[in-house]
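The structure appears right after this line, and notes come after that.
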Amino acid sequence: MPEFRLCPSLSEIDAAQWDALHDGDNPFLQHAFLAGLESTGCLRADWGWRPRHPTLWRGGELLAAAPGYLKDNSHGEFVFDHAWANAYARYGLEYFPKWLIGIPYTPVTGPRLLAADDSLRHRLLEDMMAEAHRNRWSSVHVNFLPERESGAFSPEWLDRRDVQFHWRNRGWKDFPAFLQALQPKKRKNIRQEREKVRDAGYRFRQLHGDELGETELQAMYGFYARTFDAYGNAAALTLDFFRHLAESMPKQLLIVLAEREGSIRAGALFLRGSDTLYGRYWGSDEQSPGLHFETCYYQGIDYCLREGLAAFEPGAQGEHKIARGFLPTPTQSRHWIADTRFRPALQAWCAAERSAQAEYALQLQQADPYA
């Protein structure tokens with residue numbers, strides 16, 4: 001019988017054993033990425049993040065695991081449950097702490113229940129529910145899981161859906177070929193946006209982690225922090241984490257830098273999987289027409305076409321991405337509520353949300369940008 005253990009730090013788990021549980025396609029599941037968040041000060045208890053990784057063992061062999069965090073708020077999750085927390089508060093009950101299974105600050109679909117088969121995933125889920133009961137945690141949330149893992153969940157897990165906008169490579173050999181597949185008006189708009197950026201004097205460099213120096217890393221971190229400050233949010237990631245990514249994941253970290261008049265003026269940070277590019281953060285120290293779209297989207301598409309990658313996921317939200325070749329793509333999450341009095345009401349709430357999301361997705365299909 002596998003033994004369930006709750007690990008308060010990924011440093012307690014051998015990196016090779018953790019990484020053997022997934023195929024390596026998704027960079028956010030790698031031990032280097034997750035452990036780096038913990039070791040470089042990105043996950044702070046006073047910001048509501050306490051690592052609690054559920055694991056199954058047979059002796060010294062790791063059989064199953066999941067990236068888990070005890071949360072005292074809903075910050076940095078991208079599956080919004082503020083209405084649920086408010087409902088608990090109206091009844092004088094505590095919604096926090098809750099248990100999140102997911103990647104901090106990262107709305108990217110990928111493996112969540114790391115195991116060889118559904119029987120081990122189901123066992124891990126059963127032990128997780130029991131652990132939540134023992135600790136009187138209100139709920140367990142598995143965010144942005146892939147469809148192949150959905151069979152491990154019993155009906156008591158609530159099902160939530162959402163939509164993101166992803167680019168898929170249809171075999172185009174270069175950017176002009178991609179543009180030719182778009183409707184004429186959208187093709188013209190993209191060409192004009194790119195021309196404005198070039199005419200303004202911007203030039204771009206695409207650098208992997210092992211090509212970055214301290215100057216480039218500090219510039220990118222400054223852009224990232226400035227963007228968060230502009231929206232009144234704290235920059236959770238640290239400069240040390242950026243350095244850690246460059247050192248520990250050199251070929252998976254990509255930074256695009258926009259330069260003008262000999263100075264770095266804007267940047268975007270990406271992570272690369274085996275067949276997918278993931279856009280994460282961007283920022284600039286000046287405003288210029290088209291600069292955001294070029295740095296965050298068109299440079300990413302250029303990179304994917306050159307490298308032969310199949311997909312580009314630029315992050316959550318943003319219907320404006322459709323006009324630039326990104327199509328609506330469903331996402332899903334599962335949620336277990338410990339208090340059985342709340343489950344029926346929240347189940348109905350989730351059903352209504354799914355219906356609204358399905359209607360929204362249908363509407364988005366009418367905006368197909370391709371000819």
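The values are calculated or read from the model by the stated rules, or taken from the named source; none is laboratory data. Bear in mind the structure is a predicted one, so any value in this text is a computation, not a measurement. Cβ atoms come from the backbone with ideal geometry, glycine included; neighbour counts cover every protein chain shown.
Considering Arg50, Arg134, which residue is charged (D, E, K, R), over 21 Å from Arg343 (Cβ atoms) and surrounded by fewer than 21 Cβ atoms within 10 Å (Cβ to Cβ)?
Arg50 is the lone residue from the list that is charged (D, E, K, R), over 21 Å from Arg343 (Cβ atoms) and surrounded by fewer than 21 Cβ atoms within 10 Å (Cβ to Cβ).
Can you confirm whether Tyr231 is in contact with a Lys or Arg (Cβ under 9 Å, 6 or more places away or on another chain) and of a type in the set (Phe, Trp, Tyr)?
So Tyr231 does not fit the description; no.
Out of the residues in segment 331-371 that are surrounded by fewer than 16 Cβ atoms within 10 Å (Cβ to Cβ) and in a loop (DSSP other than H, G, I, E, B), state the one that is modelled with the lowest pLDDT.
Going through the qualifying residues, I end up with Ala371.
Of all residues in segment 89-114, how many are assigned to a loop (DSSP other than H, G, I, E, B) and touching an Asp or Glu at 6+ places or on another chain (Cβ under 9 Å)?
Of the residues in that region, 14 qualify.
When you scan segment 46-86, how many residues do you find that are assigned to a helix (DSSP H, G or I) and in contact (Cβ under 8 Å) with a residue 12 or more places away in the chain?
Selection size over segment 46-86: 3.
Given the criteria part of a helix (DSSP H, G or I), assigned by TED's automatic domain parsing to the domain that holds Asp275 and loosely packed, with under 14 Cβ neighbours inside 10 Å, does Arg226 qualify?
yes
Got a sec? Which of Ser284, Ser355 is of a type in the set (S, T, N, Q) and more than 30 Å from Tyr231 (Cα to Cα)?
Going through Ser284, Ser355 in turn, just one is of a type in the set (S, T, N, Q) and more than 30 Å from Tyr231 (Cα to Cα): Ser355.
Within segment 98-149, count every residue that is out of contact with any strand residue (DSSP E or B) (no Cβ under 7 Å at 6 or more places or on another chain), of a type in the set (Gly, Ala, Ser) and more than 21 Å from Leu271 (Cβ to Cβ).
Qualifying residue count for the region: 3.
Confirm whether Arg160 is within 29 Å of Thr109 (Cα to Cα), crowded, with 18+ Cβ neighbours inside 10 Å and at pLDDT 95 or above.
Yes, satisfied.
Of the residues that make up segment 265-286, is at least one in contact with a strand residue (DSSP E or B) (Cβ under 7 Å, 6 or more places away or on another chain), surrounded by fewer than 13 Cβ atoms within 10 Å (Cβ to Cβ) and outside any helix (DSSP H, G or I)?
Checked segment 265-286: at least one residue is in contact with a strand residue (DSSP E or B) (Cβ under 7 Å, 6 or more places away or on another chain), surrounded by fewer than 13 Cβ atoms within 10 Å (Cβ to Cβ) and outside any helix (DSSP H, G or I).
Which ones in segment 163-183 are without any contact (Cβ under 8 Å) to a residue 12 or more places away in the chain and either surrounded by 15 or more Cβ atoms within 10 Å (Cβ to Cβ) or not in a helix (DSSP H, G or I) (or both)?
Of everything in segment 163-183, those that are without any contact (Cβ under 8 Å) to a residue 12 or more places away in the chain and either surrounded by 15 or more Cβ atoms within 10 Å (Cβ to Cβ) or not in a helix (DSSP H, G or I) (or both) turn out to be Arg170, Gly171.
Mind checking which residues of segment 312-330 are of a type outside the set (Asp, Glu) and assigned to a helix (DSSP H, G or I)?
Residues satisfying the conditions are His320, Lys321, Ile322, Ala323, Arg324.
Given the conditions (1) more than 15 Å from Leu100 (Cα to Cα); (2) in a helix (DSSP H, G or I); (3) in contact (Cβ under 8 Å) with a residue 60 or more places away in the chain, and given that Gln17 satisfies all but one, which numbered condition is not satisfied?
Checking Gln17 against (1) more than 15 Å from Leu100 (Cα to Cα); (2) in a helix (DSSP H, G or I); (3) in contact (Cβ under 8 Å) with a residue 60 or more places away in the chain, the one that fails is (3).
Would it be correct to say that Asp72 is in the same structural domain as Pro51 (by TED's automatic domain parsing), modelled with pLDDT under 95 and in contact with a helix residue (DSSP H, G or I) (Cβ under 9 Å, 6 or more places away or on another chain)?
Spelling it out, it is not the case that Asp72 is in the same structural domain as Pro51 (by TED's automatic domain parsing), modelled with pLDDT under 95 and in contact with a helix residue (DSSP H, G or I) (Cβ under 9 Å, 6 or more places away or on another chain).
Considering only segment 112-131, state which residues are surrounded by fewer than 21 Cβ atoms within 10 Å (Cβ to Cβ) and of a type outside the set (Asp, Glu).
Of everything in segment 112-131, those that are surrounded by fewer than 21 Cβ atoms within 10 Å (Cβ to Cβ) and of a type outside the set (Asp, Glu) turn out to be Ala116, Ser119, Leu120, His122, Arg123, Met129, Ala130.
How about segment 20-34: which of its residues are under 23 Å from Arg50 (Cβ atoms) and not in a loop (DSSP other than H, G, I, E, B)?
Those that are under 23 Å from Arg50 (Cβ atoms) and not in a loop (DSSP other than H, G, I, E, B): Phe28, Leu29, His31, Ala32, Phe33, Leu34.
Only residues that are of a type in the set (D, E, K, R) and within 17 Å of the chain's Cα centre (by Cα): list them for segment 322-366, please.
Of everything in segment 322-366, just one residue is of a type in the set (D, E, K, R) and within 17 Å of the chain's Cα centre (by Cα), namely Arg334.
Quick check on this structure: which one of Phe342, Phe326, Phe312 is out of contact with any Leu (no Cβ under 9 Å at 6 or more places or on another chain), of a type outside the set (Val, Ile, Thr) and in contact (Cβ under 8 Å) with a residue 24 or more places away in the chain?
After ruling out the rest, the residue left standing is Phe326.
Of everything in segment 220-267, what is at pLDDT 95 or above and among the acidic types (Asp, Glu)? Give them in sequence order.
Result: Asp240, Glu247, Glu259, Glu261.
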